[in-house]
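To start, the structure itself, in structure tokens.
The values are calculated or read from the model by the stated rules, or taken from the named source; none is laboratory data. Every value quoted in this text rests on a predicted model; they were computed, and no experiment measured them. Heads up, the Cβs are rebuilt from the backbone with ideal geometry, glycines too, and the neighbour counts pull from every protein chain shown. Surface areas here come from the heavy atoms of the whole protein model, side chains and all, with no ligands, DNA or RNA. Shrake-Rupley method; radii C 1.70, N 1.55, O 1.52, S 1.80 Å.
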Amino acid sequence: MTIQKPTTERPIAPQQQADDVGLDTMLRPQRLAQFTGQERLKDNLRILIDAARGRSEPLDHVLFHGPPGLGKTTLAQVVANEMGANIRHTAGPAIEHSGDLAAILSNLRTGDILFIDEVHRLSRPVEEILYPAMEDFVLDLIVGKGPGAKNVRLKLPRFTAIGATTRLALMTAPLRARFGAVYRMDFYDQAAMETIVGRGARILEVPIVQDGMAEIARRARGTPRVALRLLRRVRDYAQVRSDGVITHETAVAALDLMEIDRLGLDDLDRRVLRTIVEKFGGGPVGLETIAASISEESDTIMDVVEPYLLQLGFLERTSRGRIATPHAYRHLGLPADRAPRPAQPALFAPDPESEP
Ligand code: ADP
């Protein structure tokens, strides 16, 4: 067995508080070359960055979309580092009034990056301010009140907006159209996940064997954030219950104790599947009904649970609701022939992302 020796790769100061938030910052790749996986996206991004740098221009506006934890925020920071630009972080729900956005925009300097997380949650009045800002780099303000109110147009420096969203379909068409480059992030494959776990272990200085790495990667549902969280918990387990080295056995024991199954499903995933199967005969059943019957937020189910179950082929989204597939039945240890028949293809299939 080969034990990976810790190295000194440590992007920020070692005295960093060893809580999970601090660790999260430590674990974030800083440059494109350190960012594992998403190869096609990285190729496209590299061209975009090199071309803009070659012309000494700010980058075009960029939108990343995909399930949470795949690296959208990290990539925004990476882009800023590669461009040598300042980055300012905000999020759709944090910008309540159009004046809040106007204040942020008027403080930007040429080449700055404005990262807007959850960009689909911007309110309409805020979006109205963003359109001309992104398109023409101007800020339209109304000064004064009543009959004396005047429209004033201020010039803004050329900045780059980077948006991130888990729900592309909820973004308005005009806002989507303002982003010159739109990239979808996919779940990571096993090899990329192993590299991410290995890099995390090096930074955390945890000794880990290849098989231990593979086991954590396998159960992390193709999501770096999950992989790094599992790695920290398995590290705790290895420290308390054995000699601190993450072997295959310690990884399996720790993950079993956390009730993460061999495909990476956790308690919530299984509750969703069981509810569809046991309470609704396998479906079809609507998302809100599922959410109500297990007392969970429908947003959590839609953003976190469903994308992975769909990817595994355990769930189908139809116009009449969610259906559990024979694969899901088998995984739950139930006879697959009890699964509902596959859905008839709908004549006008709805965009699966658009319907809750
Ligand atoms: P999102 O914004 O898509 O929810 P984040 O960018 O916050 O995801 O990433 C979640 C965590 O996963 C962060 O700790 C980040 O360091 C890590 N991470 C994401 N993508 C990668 C990657 N490709 N390589 C290594 N770590 C990654």
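Starting from segment 246-279, pick out the GluC sites (Glu not before Pro) whose DSSP state is loop and whose Cβ has at most 13 other Cβ atoms within 10 Å.
Details: sites: Glu249, Glu259, Glu278; in loops: Glu259.
Sites meeting the loop and neighbour criteria: Glu259.
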**OP:** Using a Gaussian network model of the chain whose springs link C-alpha atoms within less than 10 Å, name the residue from Ala91, Ala149, Ala80 with the highest mean-square fluctuation.
**Re:** Ala149
Original post:
Which lysines have a Cα lying under 26 Å from the Cα of Lys42, excluding residues fewer than 8 positions away in the same chain?
Top reply: Lys72
Subject >> Kirkwood-type radius of segment 234-275, with distances r between different C-alpha atoms, in Å >> reply: 11.0 Å
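With n ≥ 4 as the cut-off for DSSP H runs, can you work out [θ] at 222 nm for the chain, using -39500 (n - 2.57) per run divided by the number of residues, rounded to the nearest 500? Intermediate results must be reported in sequence, preceding the final value.
Working: 14 runs with 143 residues, N = 356.
Calculated from helices alone, the mean residue ellipticity at 222 nm is -12000 deg cm²/dmol.
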**OP:** Hey, can you find the accessible area per residue of the chain for me, probe 1.4 Å, expressed in square angstrom?
**Re:** 49 Å²
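Write out the trypsin sites (Lys or Arg not before Pro) in segment 213-316 meeting two conditions: DSSP loop, and at most 10 other Cβ atoms within 10 Å of their Cβ.
Of the trypsin sites (Lys or Arg not before Pro), not one in the loops of segment 213-316 has a Cβ with at most 10 other Cβ atoms within 10 Å.
Loop only per DSSP, at most 12 neighbouring Cβ atoms within 10 Å: give me the trypsin sites (Lys or Arg not before Pro) in segment 23-97, ordered by residue number.
For trypsin sites (Lys or Arg not before Pro) across segment 23-97 that sit outside H, G, I, E and B with at most 12 neighbouring Cβ atoms in 10 Å, the list reads Arg31, Arg55.
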**OP:** Could you check the simple spin-label distance between Arg320 and Asp211, using points 7 Å along Cα→Cβ, in nm with one decimal?
**Re:** 4.8 nm
Original post:
Percent of accessible area on segment 188-257 owned by carbon and sulfur, 1.4 Å probe?
Top reply: 49 percent
Original post:
So how far apart, in nm, are the two label points at Asp189 and Glu249 if each is 7 Å from Cα heading toward Cβ?
Top reply: 3.3 nm
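Computed over the Cα atoms, what is the radius of gyration of the chain divided by 2.2 N^0.38 Å, N being its residue count? Please report the intermediate quantities before stating the final value.
Details: Rg = 23.1 Å, N = 356, 2.2 N^0.38 = 20.5 Å.
Relative to the 2.2 N^0.38 Å estimate, the chain comes out at 1.13.
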**OP:** With label points built 7 Å along Cα→Cβ from the Cα atoms of Ser298 and Tyr131, find their separation and express it in nm.
**Re:** 2.8 nm
